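The values are calculated or read from the model by the stated rules, or taken from the named source; none is laboratory data. Computed from a predicted structure; not experimentally measured. Counting neighbours? That spans all protein chains shown, and the Cβs are built from the backbone with ideal geometry, glycine included. Just so you know, the surface numbers come from the protein's heavy atoms only, side chains and all, with ligands and any DNA or RNA stripped out. Shrake-Rupley method; radii C 1.70, N 1.55, O 1.52, S 1.80 Å.
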Amino acid sequence: MKNNRYNFLICYEHISREVENITLLKYELEKRGYSCKIGRFDNPYMYVDKIKADVVVTPWLRDDDNVYHFLRFAKKPYKLVNLQWEQIYTPGGMATGWDATRGEAKKCYHLCWGNNSYNRLIEAGVNKDLLSIDGAIHLDYGFPEFEYYYKSRSEIASEFNLDINKKWIFYVSSFSFVNYGAESVEKLADNWGDYVFSLEKVETASQKKTLEWIEKYLESHDCEFIYRPHPSEKNASTFLKELDSRQRNFHIIEKYTVKQWGKVCDKVNLWTSTSWAELLSLDVDYRFIRPIEVDKDYLVESVADQPSISCYEDFEKYNDNEDCHSIDVEDKAKYFDKYYDSSPLIPAYKRIADRLVEIFREKRELAISVPMKRMMKLELFEKKRYFISWLLLIPIKINNLDIIKYYPLRKDIRVSMRHYIDDMRKENELSNCMYRYIEENDSSNAENKKYGK
């Protein structure tokens, strides 16, 4: 019989942001003798195979809807643990309640990168016994065991046909709303008000002006310009498509993490991305580029006070000058320490594994309860997701994606299904690569430590 019971189930949302990191957790937990499965939060196999786990680890957990969704994968006594892949927010998002932790989510475990997140959740009313500061896994890659994890510049050049002798300039997009669609934006606005419309306008205008700067730069500089879309930026905007068609040295590349590109590129440009901390952990320099003034309500708090470029001449100067650094070392440390806790000796993925084992061993049962009326509405949504899961698995099992076009579903749903199947393959490839690497390079293996449940 197929195993569908685990000690730990670790769910993720975005492949590029999370899969490498949760694979490290999986490796560490399995090394200690625990069974562990990873999968996207709406993985069809998890629905169809009715996966259950003693501890369900989530990518986010903010409200009753989130709690109810993940409870279906949890065995009693219920234990939901929030990894919080987003812990630094915009003032506007917090003011509207969009990014707030509320309802039954406050009764679950939450793991924090540092004091900033810990204090925010205390203020939200989360019991301190449910909180812990464990560091951020995505900042672990400066440890010696990851020295050879990343591909070399020559390997990346070969894979994407980039000229290794030219300057490589990297741009990290945070424009998650630019092609979200009017209907989707309106649905979000129904819950969170005009802030959503304003944010979409700010992103659209900022992306358009940024792309104008990039094109102007490419017209007078022979370089390779790599644009990495935000994980939610599934379809290129009109501005992006037009630039891609006009400039042969402009490349839209989704594959690989910000860290990977930061290691091989000569310059890194950001808009509001919190990836600055990952770059800093690898000693990679960066610069914030904001051609349009952005109100602090729309900037995540960790970037709002960092210097930024607001005119084309400075943008050109930064990307031209090999010795032009954005922030001195002391200032970078100041920004870093406010939001992240780090241990110079122990990677965060091992600290988090320690905490997960503690939670697994605890006798406590989380006092979670979703009101019946709300639960009935959520159950209807979950049944639809279960049905879609069955439909997704059919083309996978028979290895024929063409049958999706015959499904009596909306076109956007059918397109999403194809994207999802492709993402599942990417997840497996990335996860297997990380697992093999850390298994071979984990320095603690030499210590031959034994762990017991």
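Filter segment 22-73 down to residues that are under 21 Å from GLY103 (Cβ atoms) and among the basic types (Lys, Arg) and give me whichever is nearest to the chain's Cα centre (by Cα). Looking at residues that are under 21 Å from GLY103 (Cβ atoms) and among the basic types (Lys, Arg), I get ARG62. Looking at ARG153, is it over 28 Å from LEU243 (Cα atoms), in contact with a strand residue (DSSP E or B) (Cβ under 9 Å, 6 or more places away or on another chain) and open to solvent by 30 Å² or more (accessible area, probe 1.4 Å)? Spelling it out, it is not the case that ARG153 is over 28 Å from LEU243 (Cα atoms), in contact with a strand residue (DSSP E or B) (Cβ under 9 Å, 6 or more places away or on another chain) and open to solvent by 30 Å² or more (accessible area, probe 1.4 Å). Total residues in segment 347-398 satisfying the condition of being part of a helix (DSSP H, G or I), in contact with a strand residue (DSSP E or B) (Cβ under 9 Å, 6 or more places away or on another chain) and farther than 30 Å from ASN441 by Cα: the figure is 0. Evaluated against (1) part of a helix (DSSP H, G or I); (2) in contact with a helix residue (DSSP H, G or I) (Cβ under 7 Å, 6 or more places away or on another chain), ASP337 falls short on exactly one condition, (2).
Listed by first and then second residue, the pairs with beta-carbon distance under 8 Å, at least 6 apart or on different chains, first residue in segment 392-404 and closer than 14 Å to VAL48 by Cβ and touching a residue at least 24 places away in the same chain (Cβ under 8 Å), second open to solvent by less than 50 Å² (accessible area, probe 1.4 Å) and of a type in the set (Phe, Trp, Tyr), are LEU392/TYR420. As for segment 291-308, it holds no residue that is crowded, with 21+ Cβ neighbours inside 10 Å, part of a loop (DSSP other than H, G, I, E, B), in contact with a helix residue (DSSP H, G or I) (Cβ under 9 Å, 6 or more places away or on another chain) and polar (S, T, N, Q). Counting only helices (runs of 4 or more DSSP H) wholly contained in segment 121-222, the ones carrying 2 or more residues that are among the aromatic types (Phe, Trp, Tyr) and in contact (Cβ under 8 Å) with a residue 24 or more places away in the chain occupy 194-220.
Mind listing just one residue for me: the one in segment 80-115 that is of a type in the set (Phe, Trp, Tyr) and not in a strand (DSSP E or B) and, of those, most open to solvent (accessible area, probe 1.4 Å)? Reasoning before the result, please.
Keep residues of segment 80-115 that are of a type in the set (Phe, Trp, Tyr), which gives 85, 89, 98, 109, 113.
Filter once more, so that each one left must be not in a strand (DSSP E or B): 85, 89, 98, 113.
Values: TRP85: 18, TYR89: 19, TRP98: 50, TRP113: 16 Å².
Across segment 80-115, the extreme among qualifying residues is TRP98.
If you go through segment 35-46 and keep only what is open to solvent by 10 Å² or more (accessible area, probe 1.4 Å) and not in a strand (DSSP E or B), you end up with SER35, PHE41, ASP42, ASN43, TYR45. For the structure I just gave you, tell me whether TYR420 is farther than 28 Å from ASP63 by Cα and of a type in the set (Ser, Thr, Tyr). Criteria not met by TYR420. Scanning segment 199-212 for residues that are of a type outside the set (Asp, Glu) and open to solvent by less than 20 Å² (accessible area, probe 1.4 Å) gives LEU199, SER206, GLN207, THR210, LEU211.
Residues considered: GLU313, GLU322. Of these, the only one that is on the phi < 0 side of the Ramachandran plot, open to solvent by 80 Å² or more (accessible area, probe 1.4 Å) and modelled with pLDDT under 85 is GLU322.
Filter segment 330-344 down to the residues that are of a type in the set (Gly, Ala, Ser) and within 15 Å of GLY135 (Cα to Cα), then identify the one that is surrounded by the most Cβ atoms within 10 Å (Cβ to Cβ). In this case the residue turns out to be SER342. Selection of segment 334-378 for residues being hydroxyl-bearing (Ser, Thr, Tyr), more than 20 Å from GLU20 (Cβ to Cβ) and either within 28 Å of the chain's Cα centre (by Cα) or at pLDDT 85 or above (or both) yields TYR335, TYR339.
Pairs needed: first member in segment 6-17, under 13 Å from PHE70 (Cα atoms); second member anywhere, in a strand (DSSP E or B) and at pLDDT below 95; C-beta distance under 6 Å; at least 6 residues apart or different chains. So the pair list comes out as TYR12/ARG40. On inspection, GLU379 passes the criterion of being within 19 Å of LYS52 (Cα to Cα), among the acidic types (Asp, Glu) and open to solvent by less than 90 Å² (accessible area, probe 1.4 Å).
Scanning segment 388-399 for residues that are out of contact with any helix residue (DSSP H, G or I) (no Cβ under 9 Å at 6 or more places or on another chain) and not basic (Lys, Arg), we see that the one that is surrounded by the fewest Cβ atoms within 10 Å (Cβ to Cβ) is ASN399.
Of all residues in segment 1-33, those that are buried (at least 20 other Cβ atoms within 10 Å of the Cβ) and outside any helix (DSSP H, G or I) total 7.
When PHE160 is tested against (1) at pLDDT 95 or above; (2) of a type in the set (Phe, Trp, Tyr); (3) under 25 Å from LEU61 (Cβ atoms); (4) open to solvent by 20 Å² or more (accessible area, probe 1.4 Å), just one condition goes unmet, and that condition is (3).
All of (1) open to solvent by less than 20 Å² (accessible area, probe 1.4 Å); (2) at pLDDT below 95 hold for GLU147 with one exception: (1).
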